[in-house]
Amino acid sequence: MSLAAVLAIVGFTLLLPRPRGRSVAGGIAALLAAATVFVVWLDTVYGHPMADRVGTVLFWLFSSGALVFGTILVVQRNPARGAIAFAFVILSTCGLFLLLAAPFLMAVTIIVYAGAIIVTFLFVLMLSQVAGPSNENDRSREPLFGSLAGFAFAGLVLFTLYLSTSPQSAAASAEGAIPGPPEQRLPIRVLAEEERKALREAVARLDEAEARLGPEAGSRDDRLSYFEAIRDMIATVVGSSIPTRDGSLRLRLEHQPTQPGVAPELLRKDEQAQQVLHRADRVQQLNDRTFTAVEGHLIEGKPDRDAVRAQLRALREEVLLLASATELPSRTVANLGFVLYSEYLLAVELTGVLLLVATVGAIAIARRKGATP
Amino acid sequence: MITLEHYLVVAATLFSIGLVGFLTRRNLITMFLCAEMMLQGVAINLVAFARYHGNLQGQVFVLFIVAVAACEAAIALALFLTLYRRNRSLDSTDWQTLRELGVPPAVDTEPLPPAPPETPDIHLPPAGIRPALTTEEAARV
């Protein structure tokens, strides 16, 4: 790790533009050596990522692309070429965004950065093109100390990351010696696989349940037992209130956490686990209420069919939400819009104001002194 | 399996490369692009955490980062234009009169390499006049 940092410092020192002592070949060789040492270190510390071939190859492609073009941007004499390299950094970052299930952000980043910022700056660069060597392009400010500061920073961050994720520290915190923050052992699986499966099965049955409300779907006892089966299926996970008992979710999360490497108090304090438990409580209440109504409808015909159907639909939505909790929703873009305009409405408004102020400010600053309006 | 840490390492490295560029380069526009690259490193970090927490809060933050970066680009461009009009250079060291009191000025000791000699323009013979043939050309015709 420190070897990689030292090699990177040497490489950047050799490559940064200055009048004397710049050696492109030596710098590139040092950077290549640094990258090799770095990859070997990453591979030995965090394991061989070979299970998901395509994703793995794309990840290495995009991340190395981002880092290589970032390096080119920093060491390039010609600022116009630097801007092109920055565009490639943006494209690589967008690839990483896609791998991380953020398609909308990818589009936004390409449009804003590659489309607007880069083009504007290329115009400025064309306006201010200088011929021959110049102070701003061919000199660097303290090449050695600059790279030293940057890579010392990187080394510190990576060392902290290494300390917080190394096998020794995980083992130590499992014994209770070092209680670490929960984000170190992500992702926490709040829902067990069989619970998720049971909930999805219940959703599938609820889809068909509406057809079974009418008398044409079989005898009353058959229909009653069908609905009771669904209720029990949901109740095993979230618990029920009529015979008061806990569901497997609460039992597992609060009383006997079985997740390896996660301390019990950690899971209880975890915000995500709390949210899931909260949602499970809601499902439990809705479950009991709905199936009381269904029984009433089937035996006495008391709540009419439309009301029961509406309740069943509401229950289905809630169960589906619980089943897919802690997973990123597949309709990321729609959900992003929903989150943006419900939870973060004030922030969106503030951003709009900020953009307006920036536009007015840019025009006011760039206006020529003494120009007639 | 690509884990959260792989993304965090890439993001931290991208951030520090941007930091090196911002500290060492003297062209204002390159400095600005390096700052934007640092923002990209932070954005990768946030999106990776959003992915591994399974919620969208991180992505919302990145949207705000992009909006702020756009504002920053507009203001920075206007400032660079004003500075460029003042003394026809994008060198940030030209403005070191703004430094703190008691800090010695940065002086460039090494001379710049000489400018490459300009290639002379090609002179074409005036149109309508046949150039005189050299002896070699005459032998070929």
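Quick check: the distance between the Cα centres of the range B:5-59 and the range B:70-141, to the nearest angstrom? So the separation of the two Cα centres works out to 33 Å. Mind checking which of B:109, B:24, B:97 has the largest fluctuation in a GNM of chain B, springs on alpha carbons under 10 Å? Between B:109, B:24, B:97, it is B:109 that shows the largest mean-square fluctuation.
If you take the beta carbon distance between residue B:112 and residue B:68 as r and set R0 to 35 Å, what does 1/(1 + (r/R0)^6) give as a FRET efficiency, to the nearest 0.05?
The value I calculate is 0.40.
Measuring r between the beta carbons of residue A:219 and residue A:107 and using R0 = 56 Å, the FRET efficiency lands at 0.50.
Set against the 2.2 N^0.38 Å expectation for a compact globular protein, the range B:28-88 has a Cα radius of gyration ratio of 1.45.
Each Cα pair under 8 Å and six or more residues apart adds its separation to the average, and for chain B the resulting relative contact order is 19 percent. Subtracting the Cα-Cα distance of residue A:295 and residue A:78 from 0.36 nm times their residue separation leaves 70.4 nm of extension gain.
Look at the stretch A:82-93: the mean tally of other chain Cβ atoms within 10 Å of its residues' Cβ atoms is 4. Each label was represented as a point 7 Å from its Cα along the Cα-to-Cβ direction; for residue A:141 and residue A:23 these points are 2.8 nm apart. Per residue, the convex hull around the alpha carbon atoms of the range B:11-112 comes to 124 Å³.
Geometric descriptor of the range A:2-174, per residue, is 138 Å³ (volume of the convex hull of the Cα atoms).
Springs between alpha-carbon atoms under 10 Å, Gaussian network over chain B: tell me which of B:50, B:115, B:76 tops the mean-square fluctuations. Highest fluctuation among the options: B:115. If a spin label sat at a point 7 angstrom from the Cα of residue A:338 along the line to its beta carbon, the backbone N atoms of the range B:24-59 nearer than 14 Å would be those of B:55-57.
Here's how it looks for residue A:239: its modeled amide H is under 5 Å from those of A:247, A:248, which are all 5 or more places away or on a different chain.
Determine, from the Cβ-Cβ distance of residue A:226 and residue A:314 and an R0 of 25 Å, the FRET efficiency 1/(1 + (r/R0)^6), rounded to the nearest 0.05.
On the way: r = 19 Å, r/R0 = 0.76.
E(calc), rounded to 0.05, equals 0.85.
When you filter the chymotrypsin sites (Phe, Trp or Tyr not before Pro) in the range B:1-70 for DSSP loop state and at most 16 other Cβ atoms inside 10 Å of their Cβ, nothing is left.
To the nearest ten degrees, helix B:57-87 and the longest principal axis of the Cα atoms of chain B are 40 degrees apart. Comparing B:58, B:128, B:21 in a Gaussian network model of chain B (Cα springs below 10 Å), the most mobile by mean-square fluctuation is B:128. Helix B:4-24 and the longest principal axis of the Cα set of chain B meet at an angle near 50°.
Readers should treat all values here as calculations from the given coordinates under stated rules, not as data from a laboratory. Quantities reported herein were computed from a predicted structural model and do not represent experimental measurements. Don't worry about glycine lacking a Cβ; one is built from the backbone with ideal geometry, like all the others, and counts go over all protein chains shown.
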